[in-house]
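Worksheet: one structure, shown below.
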Number of protein chains: 2
Amino acid sequence: MVLDTLKVVGTSARRVDAMEKVTGRAQYVTDLRLAGMAHARIWRSPLPHARIGRIDAAAARACPGVLAVVTAADITGCEPLYGPAYRDTPILPPDRVRYAGEPVAVVVAETEAQAEAGLRLLEVELHEITAVTTPDAALAPDAPVLHEALRPSGHFRDLMSLHPVPERNVCQQYEYERGDVARGFAEADLVVEDTFTLPAIFHYAMEPHCAVARVAPEGITVWASTQHPFPVRKELAELFRVPLSHIQVIVPAIGGAYGGKCYTKLEPIAVACARIVRRPVRVAITLEESAKTITRHAARCRVKTGVRRDGTILARECDLLLDTGAYADIGPRVANKSGFRAPGPYRIPNVKITSRAVFTNNVPAGAYRGYGTPQITWASECQMDMIAERLGMDPLDLRLKNLLKRGEEYVPGDTPMDGDMLEGLRRTAQAIGWPTPSGGSQFTVRSSRSEPRTANREPRTPRRRAVGLAAAFKDGGGTHSVSTAIVRIHADGSVTVLMGSSEHGQGARTVMAQIAAETLGVPYDRVLVAAPDTSLTPFDHGTSASRSTTLMGLAVQAAAREAKDQLLNVAAGVLGGDRGRMDVRDGAVLADGRAVPFAEIFAQHFGLPGGEIIGSGAYRSAQFAGTLTGSTTFWETGMGAAEVAVDEETGAIELLGYVSMADVGRAINPRECEAQDEGAAMQGIGPALFEGFVNQDGHLLNASPAEYRIPTFEHLPAHFGTILLENGDGPGPFGSKGVGESGTFCVAAAIGNAIARATGVRLTDQPMTPERLWRALKAGAGG
Amino acid sequence: MVLDTLKVVGTSARRVDAMEKVTGRAQYVTDLRLAGMAHARIWRSPLPHARIGRIDAAAARACPGVLAVVTAADITGCEPLYGPAYRDTPILPPDRVRYAGEPVAVVVAETEAQAEAGLRLLEVELHEITAVTTPDAALAPDAPVLHEALRPSGHFRDLMSLHPVPERNVCQQYEYERGDVARGFAEADLVVEDTFTLPAIFHYAMEPHCAVARVAPEGITVWASTQHPFPVRKELAELFRVPLSHIQVIVPAIGGAYGGKCYTKLEPIAVACARIVRRPVRVAITLEESAKTITRHAARCRVKTGVRRDGTILARECDLLLDTGAYADIGPRVANKSGFRAPGPYRIPNVKITSRAVFTNNVPAGAYRGYGTPQITWASECQMDMIAERLGMDPLDLRLKNLLKRGEEYVPGDTPMDGDMLEGLRRTAQAIGWPTPSGGSQFTVRSSRSEPRTANREPRTPRRRAVGLAAAFKDGGGTHSVSTAIVRIHADGSVTVLMGSSEHGQGARTVMAQIAAETLGVPYDRVLVAAPDTSLTPFDHGTSASRSTTLMGLAVQAAAREAKDQLLNVAAGVLGGDRGRMDVRDGAVLADGRAVPFAEIFAQHFGLPGGEIIGSGAYRSAQFAGTLTGSTTFWETGMGAAEVAVDEETGAIELLGYVSMADVGRAINPRECEAQDEGAAMQGIGPALFEGFVNQDGHLLNASPAEYRIPTFEHLPAHFGTILLENGDGPGPFGSKGVGESGTFCVAAAIGNAIARATGVRLTDQPMTPERLWRALKAGAGG
């Protein structure tokens, strides 16, 4: 297909769910009502580490409307533990709680209020024991061991390569070495070594986690707000010993996810309760409870880099320490992936990486937009500017010198770099006015929010202004990834796409509709993309890792092509003529100069009552054993440039402008790509400047939505926008590739670099609060 | 596949939904709850024919909880009329009601009780006009015309051949002629001509009709108790001008259907109301309202037959008059089909048939188990005995002489007879003890209910006892039929079947699970068959005409074979070895003497996170233009033999025994086949002996469940059972063919023939009440 003939792909088609959402009619799990549905509220541990004593449920059970109080002892006839990486997580813990917020008991009642009332009467004896609430404490020789034995869940090959005898409380240790870093450092003209930190943060999806379960003799149905319906199905099947065919996981609209809804969360509790009360059970939690369900890993990253005088990087050593909390969740994979990507998107002959995820008595940490990349980019991209400064080089030039060119390999044998990072970084720099602050005058970004809004908050004292850059990448698409899709052409020529990618606001359903419409030559508004239902939509690994447009997109495109092929066969049978010269356009088959509507072909072939044509397609990632993380499907690269103004008297930092660059290969829907990238960048502003959990000995002091600060539109810079790099060189449909995570990668480093260029002071700990900057400025002045 | 190696097919596997149903957990449409769901109650015309005057809804609208009162004037922006055969049915009539019970207005309220309260305050002015409540009255030259113009809906080719200018109030006229009946009668030694009648009856499904509609910006979702989800989707798409892809019809468990839930019923009202109140709307009606929604055609059948002295049938002329009520529904198809089958399963060189469906001011009549066959069998099979008596022949011999042998054509060019009716009839006769009453001693039927229960009701006076026979057939599977299916093999080797056949108690899901399990070599309990959902399960014409096991069965088998083929390809890739010599058994691939579980092959091929294999399959009926009714997929034949005892003093008739024979080709599930056939025979006892609507000038006097009599277990004969004929000669999977309707065909004729043989008196009108028999006995004695 010649690209300039594209009709649907490349247009900013209105989201298929736009009207549903703006009219408030989209259906979320919380909207579900089932006959006889009961409601559950969870009693959570107030202590980070404790032995569970007697649970007195008598008063709670006597409460009006209470159907059951469920504790670990009540949950029988199933496997004791689950988890996507290790089977380390109990549905409810039988004897020990490992973090403050861990579910201990569940009250199930006719109404949510009755369950809540019952909860308040529950008496749980907890005997506090020593907690370890930092990786350092957990690694100490006398630290309590959080998990005596770790049994891999067997879902992932890369997690089965765990070092056989892990160090105390080490959940996962990723190691990689290439070349000889010692020699590299020896040959270097400059060796720098720095350590950077980031606290745990909250995904803060608008919709907290929710699950509803119905357990029937024929099987288990769960409605869940999850990014991973099929892995959830697998975990429930194994937990409750039911064939995959008899577990149905349905995913309606999701109100945001950002990795926080990866894998299994509330679903086992919902199923366990439904089995006990023999009624459907709904478990809807609050935003504060969501914050105590999963976090982004707090991290400490030590990076040591050796460079030649001309800026050539010779060696890099990265040592990552990730606080994975009390249960592994998908933390081991985050350790692997952040380790894999830690050196950054550069040509480095000598590399040595250690990445460890460590168990602590904190809330479990798991996937978060970028899967460790925001953490490692903070470290390595700050250090790039520090090196440039030491060498007296322009940070842009340093990066351009070392960035992988298109076709170069990051890891020998893995997929070569598939995009033009040099072009991307040059355009990003140009858009911010590199190397000097432009005040937005040179912005050429495609943003609708370019109107300056700084007029009324001009500070009293002159401020220092500067711009900063960062570049980052990740291997997109996930590991050992499979996506399948079914495309059905109906008798009136309209089309249904069955696929298992969740729609959590990112526009997956819209993009798939565009891909199917384009491939089949039907109008966009005649394509419906069904929501995931593991009983009815075919397998997909999950909606994460920026994978849907590329991987599910390829599956949908393959399914649509198969359906088109069948349609043309049918058309040839009905119309006669040369099959090879037929094509489709605007819902019609083009044959011998005629355009025959699909409906007419169907009527002739099937008869008037109808029929349909079914195509199926699959994507299966290539196998590559070179690293623990498997073969790379595509490279998701992101660049960022920030302009800041710093008030040196107060430490106040204003983000004046931000440019994000996303290499999308080809934008299936440019407006949605921009929205994804801008949303990611906006989300990145929080942890850069003010966001993060305050963890006091395992207690999250600011987990409530009233106390936890996230960016609002007020925090957006006056000049803000996204550059989409479209060279048609992605491996996805029509040359596309994944987008949506990369926007978060560079924000903090670009801002940190701009602050350093403005003030000469380097911050290494997130968030870069005014207080931290003020203290650093003071120290710098004093030093 | 060698049949004696079958592991699942041919076993009486427990129904997949057995536990759901016996524990009361099966979900019916009425069980559905949706957030914000409103409830509708329908105001129905008390008059059979009237002009609609003013509708005063003010008081109803003021009722607490009432959200809307919907009349025809409120329903805008859609097509005015719908219907599967003709577009003759308004969602609500704008100006005229055509039958007593027709919906006129709908009250939508927060609760059903509030809607009902509103209904009582609704004031509707109706101006009665002359009603025609019998076909004869409707055909009179001065009769009011019920439909001025008839627009075919275009769904069916056979209905497009309607005579261009129909006679006044003739809805459909089917005509067929072969040979020269005049010459046939002239050459005959005996010509008999008789007329038989049957009243309208009620399907009486335990679950009345119900529909819930949700109208959202993205499309329309309807949960419906329907046998025809895909045709309902098509009608809603056309009515509301939405692509097929954007109409979702979901069919949960159905509590009986029997043809009464064919095609569109309450769905347009539900959608229209949901559009108006902008909330989901549930329309649940009472059993009495169901009785006023659809009936079985009242019929008058004139049959004229000419035979040779030796019993050879030379000519038969059939003239059928069907009361199709006020709207066509699928009545035209019933007229066609009953006409097509009217001569019976015999070798007749000269045939002339006229079958007319006539509009009247009665409740619409439509599909009913057998689709006209019970009516025409009543006529033709009674007449066979009357001929035998006149010829002094044994009725069994007369039938055996004329029955079509296997391979003979009923209509030249159509599918030849595919079963052994002669064997079937011989075995039926033998089982009843033909030619003399056996009192059940010779019964060799497979019934679990063979214990005599007549001891306590032995009549006071000696009774006359006799046995009677009948034979019947229909072209099974429907016309221009398409079924498609998808079979998914999951990573643990379990299987999901996606198909659109409704489960209304007949066991479709069970049979499909068996077919898929057998074809794929997996255990039966590891197969799940999903319920119909037009957005997610692929196209099926409908669940009617005994078509599912054969047509959908073939589609499921084809899909399973395709999946198996792919699985073996994958296995060959993973295991190496000779693909051609691999097979499947017990959830494993057999290769080189090893049995490798599917799960292992999946893990190696897809990696541990999983994946799936998807097969799709389709059945499309052959096209045959020889008759209006299309090509026959298979012949569903049924025989029946009854033993009766008649009290000549009172006319009391006791059914002592009944044997039903069903040629199932091969029973996929023998117990379910028996249950279907026994259920059909039991359902046939009602109209034979006592059931039927009492229609007084268009008013059904006994439509309430308290007054309408149907057979109960008390009416079952002491000796009752089914013979399954299994010669493996059906066109369906494993030699099967459809069953479930044929059991109803012969009951009345067999009983009528037994009564005639016992008493010498012939009843020609159903039901054969004691009063009718007593009067006939009196008349016979007096004559």
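The values are calculated or read from the model by the stated rules, or taken from the named source; none is laboratory data. It should be emphasised that the depicted structure is a prediction, and the values quoted were computed from it without experimental measurement. Neighbour counts are summed over all protein chains in view; Cβ atoms, including those assigned to glycine, are modelled from backbone coordinates with ideal geometry.
Quick notes on this one:
- For the range B:138-153, the count of residues that are within 14 Å of another protein chain (Cβ to nearest Cβ), in contact with a Lys or Arg (Cβ under 7 Å, 6 or more places away or on another chain) and either exposed (fewer than 13 other Cβ atoms within 10 Å of the Cβ) or modelled with pLDDT under 95 (or both) is nonzero.
- Looking only at residues of the range B:237-251 that are away from every other protein chain (no Cβ under 11 Å) and in contact with a Leu (Cβ under 9 Å, 6 or more places away or on another chain), we find that the one that is surrounded by the fewest Cβ atoms within 10 Å (Cβ to Cβ) is B:Leu239.
- Here A:Met499 fulfils each of the conditions (1) modelled with pLDDT under 95; (2) surrounded by 23 or more Cβ atoms within 10 Å (Cβ to Cβ); (3) not charged (D, E, K, R) apart from (1).
Residues are listed down the side, and each one gets a yes or a no for (1) free of Cβ contacts under 8 Å to residues at least 24 places away in the same chain; (2) touching a helix residue (DSSP H, G or I) at 6+ places or on another chain (Cβ under 6 Å):
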site	(1), (2)
B:Ala545	no, no
B:Thr549	no, yes
B:Gly577	yes, no
B:Asp592	yes, no
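- Filtered by the rule that a residue be among the hydrophobic types (A, V, I, L, M, F, W, C) and away from chain B (no Cβ under 14 Å), the range A:462-483 gives A:Ala466, A:Val467, A:Leu469, A:Ala470, A:Ala471, A:Ala472, A:Phe473.
- Per the listing A:Ala618, A:Ala680, A:Ala622, the residue uniquely surrounded by fewer than 23 Cβ atoms within 10 Å (Cβ to Cβ) and either modelled with pLDDT of 95 or more or in contact with a helix residue (DSSP H, G or I) (Cβ under 7 Å, 6 or more places away or on another chain) (or both) is A:Ala618.
- Residue selected from the range B:500-516 under the condition within 11 Å of chain A (Cβ to nearest Cβ) and small (Gly, Ala, Ser), by the criterion nearest to A:Gly607 (Cα to Cα): B:Gly500
- In the range B:189-220, the qualifying residues are those that are of a type outside the set (Val, Ile, Thr) and closer than 19 Å to B:Glu381 by Cα, and the one that is farthest from the other protein chains (Cβ to nearest Cβ) is B:Leu190.
- When B:Ala62, B:Ala18, B:Ala26, B:Ala50 are checked against the criterion of being in contact with an Asp or Glu (Cβ under 7 Å, 6 or more places away or on another chain) and surrounded by fewer than 22 Cβ atoms within 10 Å (Cβ to Cβ), B:Ala26 stands alone in meeting it.
- Checking B:Ala272, B:Ala315 one by one, the residue that is crowded, with 24+ Cβ neighbours inside 10 Å, closer than 30 Å to B:Val222 by Cα and not basic (Lys, Arg) is B:Ala272 and no other.
- A:Ala588 more than 30 Å from A:Phe745 (Cα to Cα), in contact (Cβ under 8 Å) with a residue 60 or more places away in the chain and under 26 Å from the mean Cα position of the chain (by Cα): no
- Which numbered condition A:Glu175 misses (of (1) buried (at least 16 other Cβ atoms within 10 Å of the Cβ); (2) in contact (Cβ under 8 Å) with a residue 40 or more places away in the chain; (3) at negative phi; (4) touching a His at 6+ places or on another chain (Cβ under 9 Å)): (1)
- Only one of A:Thr11, A:Thr23 that is more than 23 Å from A:Ala68 (Cα to Cα) and facing another protein chain (nearest Cβ under 8 Å): A:Thr23
- Among (1) within 28 Å of A:Ala342 (Cβ to Cβ); (2) of a type in the set (A, V, I, L, M); (3) away from every other protein chain (no Cβ under 14 Å), the one test that A:Ala622 misses: (3)
- One residue from B:Ile330, B:Ile348, B:Ile285 being more than 27 Å from B:Asp189 (Cα to Cα), surrounded by fewer than 24 Cβ atoms within 10 Å (Cβ to Cβ) and among the aliphatic types (A, V, I, L, M): B:Ile285
- Taking the range B:1-83 as the region of interest, the strands (runs of 3 or more DSSP E) fully inside it that hold 3 or more residues being touching a Leu at 6+ places or on another chain (Cβ under 8 Å) are B:38-44, B:50-56.
- Among the candidates B:Ala35, B:Ala73, residue that is within 14 Å of chain A (Cβ to nearest Cβ) and either β-branched (Val, Ile, Thr) or over 34 Å from the mean Cα position of the chain (by Cα) (or both): B:Ala35
- Test: residue in the range B:532-543 that is among the small types (Gly, Ala, Ser), in contact with a His (Cβ under 7 Å, 6 or more places away or on another chain) and facing chain A (nearest Cβ under 10 Å): yes
- Selection count, the range B:193-225, where residues are touching a residue at least 12 places away in the same chain (Cβ under 8 Å), surrounded by fewer than 17 Cβ atoms within 10 Å (Cβ to Cβ) and not hydroxyl-bearing (Ser, Thr, Tyr): 2
- From the options A:Val522, A:Val497, A:Val529, A:Val556, residue that is within 21 Å of B:Arg233 (Cα to Cα), more than 8 Å from chain B (Cβ to nearest Cβ) and within 23 Å of the chain's Cα centre (by Cα): A:Val529
- Meeting the requirement of 2 or more residues that are closer than 20 Å to B:Arg44 by Cα, in contact with a His (Cβ under 8 Å, 6 or more places away or on another chain) and at pLDDT 95 or above, the strands (runs of 3 or more DSSP E) wholly within the range B:202-288 are B:281-284.
- Only one of the listed residues (B:Arg309, B:Arg300) is of a type outside the set (Ser, Thr, Tyr), out of contact with any Pro (no Cβ under 7 Å at 6 or more places or on another chain) and farther than 21 Å from B:Leu763 by Cβ. That residue is B:Arg309.
- Every test in (1) within 26 Å of A:Ala85 (Cα to Cα); (2) assigned to a strand (DSSP E or B); (3) in contact with a Lys or Arg (Cβ under 7 Å, 6 or more places away or on another chain) is passed by A:Thr305 save one, and that test is (1).
- Among the residues of the range A:706-723, those identified as surrounded by fewer than 22 Cβ atoms within 10 Å (Cβ to Cβ) and either at positive phi or touching a residue at least 12 places away in the same chain (Cβ under 8 Å) (or both) are A:Tyr708, A:Arg709, A:Ile710, A:Pro711, A:His715, A:Leu716, A:Ala718.
- Considered as a group, the residues in the range B:593-615 that are touching a Lys or Arg at 6+ places or on another chain (Cβ under 8 Å) and more than 19 Å from A:His541 (Cβ to Cβ) include one that is nearest to the other protein chains (Cβ to nearest Cβ), and that residue is B:Gly615.
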